[in-house]
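Student: Before I ask anything, here is the structure I am working with.
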Amino acid sequence: MSLQDMKRQIQSVDNTAKMTGAMQTISAVKLSRARERLDRIRPYTDNMQQMMQDIASRAGGDNPLLAGREEVRNVAVCTITSDRGLAGPFNAQVLRRTMQFRQEQDVDIVQVVTGRKAVEFFRFGRISLEEAFTGFSDEPSFEKAQEIGRHLTQLFEDEEADEVHLVYNQFQSALVQRATVTRLLPAAPEDTDEEEDEEDGEEEGRGAPFEFIPDAEVILERLVPKYVETLIFRALFESAAGEHGSRMSAMKSATDAAHEMSEDLKQQMNKARQAAITQEIIEIAAAAEALG
């Protein structure tokens, strides 16, 4: 490789480092905003989940939205990914968790996705998609959460799905996002037998803490869809924060690698330049000696 080729390669690597550095900065700013919103959303959704658990453990009736159906023949899975790549293992781990969950089910799967990366993945795998929502992964809105929630709830109400599960990356830090599976419908919490036994012992003799007006069925029909939309909204922001954190980390690694490569190339170029100068000196000395 000539010195001119090395100079061009160094310039190309430096330009790449500038680009990845800028993307790292942008992702850091977006991550900060997403974390602020997520910190405000989490307490509300935590309270909403606790309220639904209380209602499920104490309310009577057999509303399928809350209690579920006797036989599960179809399961809807909604996978949340990003619209853009360059985010390290962010999308791969949630898609891998989705495929693992699908393999664990002995029933038909209705697949719903958000994010272009999920669309590309399932199309490549020739897996049919019931619906895809794209174009908002880095800046989700409650309107989009409502749209997704209504669609998933409608699948359940139309008996096209007897259970609805959400698969997304739960944000823990800029470096750590955990692929999580959450059941949205039926809304009653899973595996609560032990908890209910403990609560029965503690709350024996206590009256029901809720008085339903007009009645529990009407309230649940209104409350459960809102509950689903709220959990989806939180999951979208968990995913958005994770996407920005993962991309920031990936771009930092890429920038550091580009700087390291640039330094290596500069050292190689200096060595090549020194070798060329040494060769020229030797040739000049040899010529002078021949003339002398």
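Let's see how each residue does on (1) aromatic (Phe, Trp, Tyr); (2) in the same structural domain as Glu229 (by TED's automatic domain parsing); (3) surrounded by fewer than 19 Cβ atoms within 10 Å (Cβ to Cβ); (4) within 16 Å of the chain's Cα centre (by Cα):
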residue: Val113; (1), (2), (3), (4): no, yes, no, yes
residue: Ala118; (1), (2), (3), (4): no, yes, no, yes
residue: Ser128; (1), (2), (3), (4): no, yes, yes, no
residue: Thr134; (1), (2), (3), (4): no, yes, yes, yes
residue: Glu139; (1), (2), (3), (4): no, yes, yes, yes
residue: Glu147; (1), (2), (3), (4): no, yes, yes, no
residue: Asp158; (1), (2), (3), (4): no, yes, yes, no
residue: Val164; (1), (2), (3), (4): no, yes, no, no
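Student: Further question on the same structure: Being touching a Leu at 6+ places or on another chain (Cβ under 7 Å), closer than 21 Å to Leu236 by Cα and at pLDDT below 90, is that true of even one residue in segment 155-173?
Tutor: The answer is no, given that none of the residues of segment 155-173 is touching a Leu at 6+ places or on another chain (Cβ under 7 Å), closer than 21 Å to Leu236 by Cα and at pLDDT below 90.
Student: Turning to a different aspect of this structure: Which of the following residues is part of a strand (DSSP E or B), in contact with a Ser or Thr (Cβ under 7 Å, 6 or more places away or on another chain) and either of a type in the set (A, V, I, L, M, F, W, C) or over 29 Å from Arg33 (Cα atoms) (or both): Val113, Val181, Val94, Val119?
Tutor: Result: Val113 is the single residue among Val113, Val181, Val94, Val119 that is part of a strand (DSSP E or B), in contact with a Ser or Thr (Cβ under 7 Å, 6 or more places away or on another chain) and either of a type in the set (A, V, I, L, M, F, W, C) or over 29 Å from Arg33 (Cα atoms) (or both).
Student: Looking at Gln9, Gln50, Gln4, can you tell me which residue is part of a helix (DSSP H, G or I) and surrounded by 13 or more Cβ atoms within 10 Å (Cβ to Cβ)?
Tutor: After ruling out the rest, the residue left standing is Gln9.
Student: Can you tell me which residue among Thr98, Thr79 is within 17 Å of Phe233 (Cβ to Cβ), assigned by TED's automatic domain parsing to the domain that holds Val113, touching a strand residue (DSSP E or B) at 6+ places or on another chain (Cβ under 7 Å) and modelled with pLDDT of 95 or more?
Tutor: Thr79
Student: Also: Which numbered condition in (1) aromatic (Phe, Trp, Tyr); (2) over 23 Å from Arg247 (Cβ atoms); (3) not in a helix (DSSP H, G or I) is the only one that Tyr168 fails?
Tutor: With (1) aromatic (Phe, Trp, Tyr); (2) over 23 Å from Arg247 (Cβ atoms); (3) not in a helix (DSSP H, G or I) applied to Tyr168, the lone miss is (2).
Student: Let me ask something else. Could you figure out which of (1) assigned by TED's automatic domain parsing to the domain that holds Glu36; (2) among the β-branched types (Val, Ile, Thr); (3) surrounded by fewer than 24 Cβ atoms within 10 Å (Cβ to Cβ) isn't true of Ile232?
Tutor: (3)
Student: Just one of (1) surrounded by 17 or more Cβ atoms within 10 Å (Cβ to Cβ); (2) of a type in the set (S, T, N, Q); (3) free of Cβ contacts under 8 Å to residues at least 24 places away in the same chain trips up Gln103, so point out which.
Tutor: Status for Gln103: all satisfied but (1).
Student: Return the residue satisfying two criteria in turn: it lies in segment 12-21 and is among the small types (Gly, Ala, Ser) and within 20 Å of Gly88 (Cβ to Cβ), and of such residues it is surrounded by the most Cβ atoms within 10 Å (Cβ to Cβ).
Tutor: Filtering first and then ranking leaves Ala17.
Student: Got at least one residue in segment 256-273 being within 30 Å of Arg37 (Cβ to Cβ) and either modelled with pLDDT under 90 or more than 19 Å from the chain's Cα centre (by Cα) (or both)?
Tutor: Taking every residue of segment 256-273 in turn, at least one turns out to be within 30 Å of Arg37 (Cβ to Cβ) and either modelled with pLDDT under 90 or more than 19 Å from the chain's Cα centre (by Cα) (or both).
Student: Please give the number of the condition Thr230 fails out of (1) at pLDDT 70 or above; (2) over 30 Å from His151 (Cβ atoms).
Tutor: (2)
Student: For the condition under 25 Å from Gln172 (Cβ atoms) and either in a helix (DSSP H, G or I) or among the polar types (S, T, N, Q) (or both), what is the one hit in Arg247, Arg273?
Tutor: On inspection, the qualifying residue turns out to be Arg247.
Student: Within segment 138-158, does at least one residue satisfy the condition of being under 22 Å from Pro186 (Cα atoms), part of a loop (DSSP other than H, G, I, E, B) and out of contact with any strand residue (DSSP E or B) (no Cβ under 9 Å at 6 or more places or on another chain)?
Tutor: Scanning segment 138-158 turns up at least one residue that is under 22 Å from Pro186 (Cα atoms), part of a loop (DSSP other than H, G, I, E, B) and out of contact with any strand residue (DSSP E or B) (no Cβ under 9 Å at 6 or more places or on another chain).
Student: Name the single residue, out of those in segment 184-196 being under 19 Å from Val77 (Cα atoms) and not in a strand (DSSP E or B), that is modelled with the highest pLDDT.
Tutor: It comes out as Pro186.
Student: Continuing with the same structure: When you scan segment 132-165, how many residues do you find that are more than 20 Å from Asp106 (Cβ to Cβ) and among the hydrophobic types (A, V, I, L, M, F, W, C)?
Tutor: Adding up the residues that qualify gives 7.
Student: Based on this model, can you work out whether Ser27 counts as touching an Asp or Glu at 6+ places or on another chain (Cβ under 9 Å) and under 30 Å from Lys266 (Cβ atoms)?
Tutor: Yes; evaluated as a whole, the condition is true for this residue.
The values are calculated or read from the model by the stated rules, or taken from the named source; none is laboratory data. Note that the coordinates shown come from a computational prediction; the quantities given were computed from them, not determined experimentally. We place every Cβ from the backbone using ideal geometry, glycine too, and count neighbours over all the protein chains shown.
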